[in-house]
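Each reported figure results from applying straightforward, stated rules to the coordinates on display, with no laboratory input. Keep in mind the model is a prediction, meaning the values are calculated, not measured. Because the Cβ atoms are built from the backbone with ideal geometry, glycine has one as well, and the counts that use them run over all protein chains shown.
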Number of protein chains: 2
Amino acid sequence: MRVEIWSDLVCPWCYIGTARFERALAGFAHRDDVEVVHRSFELDPGRSHTEPVPAMLTAKYGARAAGMDDQVAELARGEGLAYRTDREVGGTLDAHRLLHLARERGVQHEVLRRMFEAHFGEARSLFTAEALVEVAVEAGLDADEVKRVLDSGEYLDAVRADQREASRLGANGVPFFVLDGRYGVSGAQPEELFAKALETAWADRPVTVADDVDACRADGCSA
Amino acid sequence: MRVEIWSDLVCPWCYIGTARFERALAGFAHRDDVEVVHRSFELDPGRSHTEPVPAMLTAKYGARAAGMDDQVAELARGEGLAYRTDREVGGTLDAHRLLHLARERGVQHEVLRRMFEAHFGEARSLFTAEALVEVAVEAGLDADEVKRVLDSGEYLDAVRADQREASRLGANGVPFFVLDGRYGVSGAQPEELFAKALETAWADRPVTVADDVDACRADGCSA
């Protein structure tokens, strides 16, 4: 069974929500038959400038911004996640491109976790090539390959395709989870809800509705 | 809605079955909302040698081989598909790797159709780098990029992952279709069956089971 998760690297609820999902998955009986695919979602697609999160929040919410991120920080820490409110925010397109490379290399999960932890837990940047190479290498990617991908426009199409699919599915916020191509879960839901969603999606998995009439197998084709 | 199709390039029933599916899809009211993804399935994974199909069939089936491929040819032609029985058969790993590249470039469908037509309709090889570059370029891929991918081991993991997913789903033959992650159809079924499967899969599409509580949107995060 496949689970697709749309998230953005600078989205606190994605950091928290994916960690909750992973805990639910770790306790799921059929976890070894679950493939998790991370999909790209840029909350601020054209963004190229970097700024401190507190300044960004104040610009956006004015007086209401005070303490906003602290509340999220408290909640995150309560769930065992390191969280710093003195981090910066910037564009995530390059980070998303690297996540597509990471998927091909079989380390997508590791790279995403490392990016989330570096960004939220260590207030590190994900917004320059240097910073991204560092984080990606820590998670097992090859430095030269990461540089090559960053220098080229590689995986841009893949990022855009993920974004288009999110709109097609009606997701306008992240995190957004789709289990087995059918069950959608939106937001950083409680672990118990993810556990239940996994059970439900598993319960009616693909069935073959039509048996093979004309097909080829390793030992030959029907004729 | 996504439709995944596992096939091999040298499998006659894949050539015919995917064409039938495409006709059904062309007549499907929601065709613009259907994403087709082609998945790799190597019928003969270790194969490196190339030989004429008639010789291969005789080695496999003895006297029974006579006329076997002619019957398939007749059926294919009856459905408007060019089909030559004097083609060769060989390993398809490199062709499958190129189909993964083609997916990233947004021309997977075009490259698959071109490969099928070149192989079955024109008895062309898909088994050397030169032949593959030619066919891939005809379908819109860039020659230099194709050569680079062929020279490297790129997309090998993606081919293996497709193959593993096929076994996990219980598919031991191709073509194999999975509609919306749930409805499996095995073999070159009649167009009408594909049409019906599309309707059925569409009828109960993903629903969001849980609304967003804590999520981030373009205009900000809940707190």
Semi-axis lengths, Å, the range B:74-116, gyration tensor of Cα atoms, sqrt of 5 times eigenvalues: 24, 15, 5
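Averaged across B:182-191, how many Cβ atoms of other chains sit within 10 Å of each residue's Cβ atom?
Numbers: counts 9, 5, 7, 5, 8, 9, 7, 7, 3, 0.
What the average comes to for B:182-191 is 6.
Can you work out the FRET efficiency for the pair A:THR200 and A:THR50, with r the C-beta to C-beta distance and R0 = 56 Å, to the nearest 0.05? Can you show the working numbers first?
Numbers: r = 41 Å, r/R0 = 0.73.
Between A:THR200 and A:THR50 the formula returns 0.85.
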Fewest first, what order do B:VAL133, A:VAL135 take by the number of other Cβ atoms within 10 Å? B:VAL133, A:VAL135
Using the count of nearby Cβ atoms within 10 Å as a rough guide to exposure, how do B:TRP6, B:TRP202, A:TRP13 rank from fewest to most? B:TRP202, B:TRP6, A:TRP13
Give me P(r) over chain B, computed from all C-alpha to C-alpha distances, binned every 10 Å, as integer percentages. 8, 30, 33, 19, 7, 3, 1, 0
How do B:HIS49, B:HIS30 rank when sorted from fewest to most other Cβ atoms within 10 Å of their own Cβ? B:HIS49, B:HIS30
Env charge @ A:THR92, Cβ radius under 10 Å, K,R +1 / D,E -1, value -2
Cysteines in chain A lacking a second Cys C-beta under 4.7 Å: none
May I ask for log10 I(q)/I(0) of the range B:81-183 at q = 0.12 Å⁻¹, from a Debye sum over the Cα atoms as equal point scatterers with solvent left out? -0.43
Calculate the radius of gyration of the Cα atoms of the protein assembly as shown to one decimal place, then report Dmax, the largest Cα-Cα distance, as a whole number, both in Å. 23.9, 86
Most mobile listed residue (B:ALA73, B:ALA19, B:ALA59) in chain B, GNM with C-alpha springs under 10 Å: B:ALA59
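Please say if the range B:13-98 is rounded, prolate or oblate, where rounded means a/c under 1.5 for a ≥ b ≥ c the square roots of the C-alpha gyration tensor eigenvalues, and otherwise the choice is prolate for a/b larger than b/c and oblate otherwise?
Details: a/c = 3.17, a/b = 1.49, b/c = 2.13.
Oblate shape, in that a/c is at least 1.5 and b/c is the bigger or equal ratio.
Once you charge only the Cβ atoms, +1 for Lys and Arg and -1 for Asp and Glu, what is the size of the charge dipole of chain B about its Cα centre, to the nearest 20 debye? If you can, show how the numbers build up before the last one.
On the way: 26 positive and 40 negative charges, 122 e Å.
Roughly 580 debye, rounded to the nearest 20.
Taking beta carbons within 10 Å but only from partner chains, what does the mean come to for residues B:43-51?
1
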Please work out the Cα center distance from the range B:29-55 to the range B:128-197, rounded to the nearest Å. 5
Which residue fluctuates most in the GNM of chain B (Cα springs below 10 Å): B:PRO45, B:PRO175, B:PRO12? B:PRO45
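If we count every other residue with Cβ under 14 angstrom of A:ALA195's Cβ, Lys/Arg +1 and Asp/Glu -1, where does the sum land? Let's see the in-between values first.
Values: positive: A:ARG20, A:ARG23, A:ARG31, A:LYS196; negative: A:GLU22, A:GLU191, A:GLU192, A:GLU199.
Here the charged neighbours net out to 0.
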Taking only Cα atoms and a 10 Å spring cutoff, compute GNM fluctuations for chain B and point out the largest among B:LEU57, B:LEU179, B:LEU101. B:LEU57
Lys/Arg +1, Asp/Glu -1 at C-beta; chain B dipole; positive extreme among B:LEU132, B:ALA19, B:THR58: B:THR58
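Evaluate peptide B:172-181: per residue, the Cβ atoms of other protein chains within 10 Å of its Cβ; return the mean as an integer. If you can, show how the numbers build up before the last one.
Working: counts 5, 10, 5, 4, 3, 3, 3, 3, 4, 12.
Other-chain Cβ atoms within 10 Å of each residue's Cβ, averaged: 5.
Please state the relative contact order of chain B as a whole percent: Cα pairs under 8 Å, 6+ residues apart?
On the way: 323 pairs, mean separation 65.8, N = 223.
Over chain B, the number comes to 30 percent.
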